[in-house]
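Please treat every number below as a calculation from the coordinates, not as lab data. Values in this document were obtained by computation on a predicted structure and should not be read as measured data. A quick note on method: Cβ atoms are made from the backbone with ideal geometry, for glycine too, and the neighbour counts reach across all protein chains shown.
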Amino acid sequence: MARNAPVTREEIYEAFPGEYVGSPAAREKKWTRDKNDLHRLGIPLIFEENEGKEGAYLLDTSSCTLPKLEFSPDEAAVLWTAGQAALRTDDHPLAADLETALRKLAVGAKGLPPRAALLEADWGATPPAEPGRWLALLADVVERRKRLSLAYRKTDGSITERLVDVLGYAWRRGHWIFVGHCHLRGGLRMFYLDRVRSMTIAPATPRGPDFAVPADFDIRAWSRQETWEYFEHAPRTALVRFRGSLSTLAPKLLPRATLTRAPDGARLARLEVRNLRGLVRQALAWGPEAELLEPAEGRAMARAILASLSERLGKDPAP
């Protein structure tokens, strides 16, 4: 490929002296095996009979290259998930090649496997009926600090009525979100705009602001928030073990975790979570090289999720 010109078998022997050793017959036998391997890999060698007394070989580089592949986050998530599912099949005939391809996919995605959030099946979610008007309304209530009344669809499909003091809004991973003090829950909560069913201003006072924005509030802390950092429960300590290729990616996968090395070379990540189910789902999405070790409740969640998937697929649940 570097020369882009025919080369004789002797020149090939000289270029790889550690590979082609022994008698002429032994070197010829090794070269024949290598040619057959190249053909099986789809790399065609062209033999030029008129090049020198023994002829020469030419590699057509244009016939064994592919254009650069570009995947959207959703496409990469689908490929990663399908590939990891196939790897869990013990008798997969191309397991080694598939694992290599998945590693390349991780490299192509800047070294990170897809996020579990990309794989969520948010049944019933629909785009906002009036996204432009609702975004303008969010901007207005944030600027004037006025209370908002909204009907909001939960993940289970039920609708709740909320009064929210909206502190800020942002675009996060393909969705508009807004954050504010929820009077129903009595604390800060994050909302997805595409789950809102109605939205109106409900001022607590006729004039002036209805609330004050805390000095330490920063919407960027929410727009960059991971699923396991959502405020679903009191802080819990979790421990995740990363093996294989994910071991080197652990600092990027869990940047706020405390990392240590296990005796077998695996990477242990200890972190505080406020949404244990979010971490469980993410660990499952990362595949077999990631394992949630603690807490026991999280491992039980993982088994329940896998059992549910096995039931849907008509297979025996994983042990």
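Laid out as a table, the results:
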read-out: Rough spin-label spacing in nm, given labels placed 7 Å along Cα→Cβ, for Lys30 and Ala234; value: 6.8 nm
read-out: Label-point separation in nm, Ile201 to Ser308, each point 7 Å along Cα→Cβ; value: 4.1 nm
read-out: Packing rank of 267-275, 208-216, where each peptide gets the mean count of other beta carbons within 10 Å, highest leading; value: 267-275, 208-216
read-out: Segment 134-223 shape via C-alpha gyration tensor axes, a/c threshold 1.5; value: oblate
read-out: Segment 9-63: radius of gyration over Cα atoms, expressed as a fraction of 2.2 N^0.38 Å; value: 1.16
read-out: Cβ-Cβ FRET estimate between Ala296 and Lys68, R0 fixed at 41 Å, reported to 0.05; value: 0.35
read-out: Alpha-carbon centroid distance for the pair segment 212-248 / segment 15-38, whole angstrom; value: 56 Å
read-out: Pairwise FRET efficiency - Thr248 versus Leu45, Cβ, R0 = 35 Å, nearest 0.05; value: 0.45
read-out: Additional length obtainable on full extension of the chain from Glu161 to Asn4, 0.36 nm per residue less Cα span; value: 49.5 nm
read-out: Relative contact order computed over segment 236-313 (Cα-Cα under 8 Å; 6+ residues apart), in percent; value: 36 percent
read-out: Radius, Kirkwood style, for segment 239-313 when every pair of distinct Cα atoms is counted (Å); value: 12.7 Å
read-out: Residues in segment 210-234 that a label on Arg172 would reach, taking backbone N under 19 Å of a point 7 Å out along Cα→Cβ; value: 213-234
